[in-house]
Each structure stands twice: as structure tokens, then as C-alpha cells.
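K.L.:
Have a look at the structure that comes next, please.
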Amino acid sequence: SHKTEIFVCQCLANLYFGKIKGNQDQWKFAMTGIPVLVLDTGDHHRKRKLQIVLAEKGTGFLLWKDDIDHLSTYKAEHPNFHTMSLSTDHTKLAGLSFDHAASASDFNTTIEKLTSNPDDELMSLSKTKHKRQKSEKKKAGKYKAPKKTEISTPCCFVHVTKLERPAIDLTADHSIISGPMHFENVLEPPNGGQMNSTSDSSSAYSDGFSSH
């Protein structure tokens, strides 16, 4: 949209939700998609905001999103595994397990660049409120919406009538994306069936990643 910047990761990633219990991280697998960063620059009466999004491969449909703020603490625990605190509850964690280390590094570098300025209102809740109030006082003119002739017509439009997700064998050993230590699958199976959660202690990170 207008005044929005998009940064797309060049690989797939598994999303996990977890928490720290004692000296161990406990993770539950949620879904797989393409990580995307969406930066709303804050122009035209909109709040400046940075979001991390997981988009479905092929369709681009939104699977999950969360805000990145001064309490998110996004960091690379391992070249292929990044973590952050959830904006709704900073005591809970989200983890992304990337299938390509170089793409994961580029994604982390982009986040560092976008959040490195301590004066940016993205990183300060009080400054965000102060700047918004100051900006509203300075505004004298009324916002004028663009004309219909200035809005481009949709391109590459496809009318979707039905979505089907193929059954995925979550216990298959040939998965190209490995999960973190101590995780279980929590996806609901297709067709209303039941699926027992499974644990995976043979993560690809067993040699280079220890839980915190």
C-alpha cells in the first residue's frame, strides 16, 4: 500500500511458539511459510509500525503476524533459528527455523537496520505518542483522499473460490527444515481427524545450538 515498505525473506521457515521453563526452551510447531517484514512509514495519518509476517508460499496469504517493538528482542540464537518475544505477551516466544542460513542472516540484518535507531518511534512507546500528538497540532489542512482516476486497477487478479491444504506427514524424516530442540507438533490434521503431538529431539541444531 501507499508508503509501505516490504522485505521478503528468500527462503521458507517453520514457525514455533514457546516459552522458557527453567533452563530449557520448550517449543511447539505451528506452521510453515515465507517470513516477510512490513514497514508502515507512518505517513498519511497512519501509525509508524514494523510487523513480521508469515505468508503462505504460492498464494501470499497471511498465516501469522506480530508487531516488532522495543520489547520484541529479535535475535539470532543460531544461524538458522531466530527468536523474538510476542507483542501480546512478552513472556512468550516465537521462533523461526529457516531452511537457508544465508537468507536467515539477511533477514536478521534487515531487522537490525530497521530497529537500530533508538530515536525511531518504532522503538519508543512514549516518543510515538508524543510525536503523534505534536504532529496532530501542526496539521492545519484537511486530508484529501486520492481520486478514483489516481488509483490503479488490480493486476494479476485471480478469484479464489476454494482453498485446500494437502495433508502433511509431520513425522516424516525427510523434512528439509529442522526444528529447534524440545518441540512438538500442534497442527490440526485435515478432515477433522485427530493427530497426536510428536516430539523431535534429533534437531539439526544438536551440534551447534543449545537451549537457553
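The values are calculated or read from the model by the stated rules, or taken from the named source; none is laboratory data. Just so you know, these numbers come straight off a predicted model, no measurement behind them. Cβ coordinates were reconstructed from backbone atoms using ideal geometry, including for glycine residues, and neighbour counts include every protein chain displayed.
K.L.:
Kindly indicate whether any position in region 109-119 is modelled with pLDDT of 90 or more, assigned to a strand (DSSP E or B) and surrounded by 16 or more Cβ atoms within 10 Å (Cβ to Cβ).
P.N.:
Looking through region 109-119, none of the residues is modelled with pLDDT of 90 or more, assigned to a strand (DSSP E or B) and surrounded by 16 or more Cβ atoms within 10 Å (Cβ to Cβ).
K.L.:
Before we move on, is Ser103 within 15 Å of the chain's Cα centre (by Cα), more than 30 Å from Lys144 (Cα to Cα), hydroxyl-bearing (Ser, Thr, Tyr) and part of a strand (DSSP E or B)?
P.N.:
Taking the combined requirement at face value, the residue does not satisfy it.
K.L.:
OK, next. Just the residues that are more than 11 Å from the chain's Cα centre (by Cα), more than 16 Å from Cys11 (Cα to Cα) and outside any strand (DSSP E or B), please, taken from region 64-95.
P.N.:
Listed by number, the residues that qualify are Asp69, His70, Leu71, Ser72, Thr73, Ser87, Thr88, Asp89, His90, Thr91, Lys92.
K.L.:
Search region 65-92 for residues that are at positive phi and without any contact (Cβ under 8 Å) to a residue 12 or more places away in the chain and pair each with any residue that is part of a loop (DSSP other than H, G, I, E, B) and basic (Lys, Arg) when their beta-carbon atoms are under 6 Å apart and the residues are at least 6 apart or on different chains.
P.N.:
Nothing qualifies.
K.L.:
Still on this structure, please answer the following. When the residues of region 29-52 are filtered to those that are within 19 Å of Leu12 (Cβ to Cβ) and among the aliphatic types (A, V, I, L, M), which remaining residue is surrounded by the fewest Cβ atoms within 10 Å (Cβ to Cβ)?
P.N.:
Once the filter is applied, the top-ranked residue is Met31.
K.L.:
Quick check: anything in region 53-63 assigned to a strand (DSSP E or B) and either at pLDDT below 95 or surrounded by fewer than 18 Cβ atoms within 10 Å (Cβ to Cβ) (or both)?
P.N.:
Yes, region 53-63 contains a residue that is assigned to a strand (DSSP E or B) and either at pLDDT below 95 or surrounded by fewer than 18 Cβ atoms within 10 Å (Cβ to Cβ) (or both).
K.L.:
Looking at the structure I just gave you, is Lys92 surrounded by fewer than 14 Cβ atoms within 10 Å (Cβ to Cβ) and farther than 30 Å from Val158 by Cα?
P.N.:
Criteria met by Lys92.
K.L.:
Go through (1) of a type outside the set (A, V, I, L, M); (2) out of contact with any Cys (no Cβ under 8 Å at 6 or more places or on another chain); (3) touching a residue at least 40 places away in the same chain (Cβ under 8 Å) and name the single condition Pro35 misses.
P.N.:
(2)
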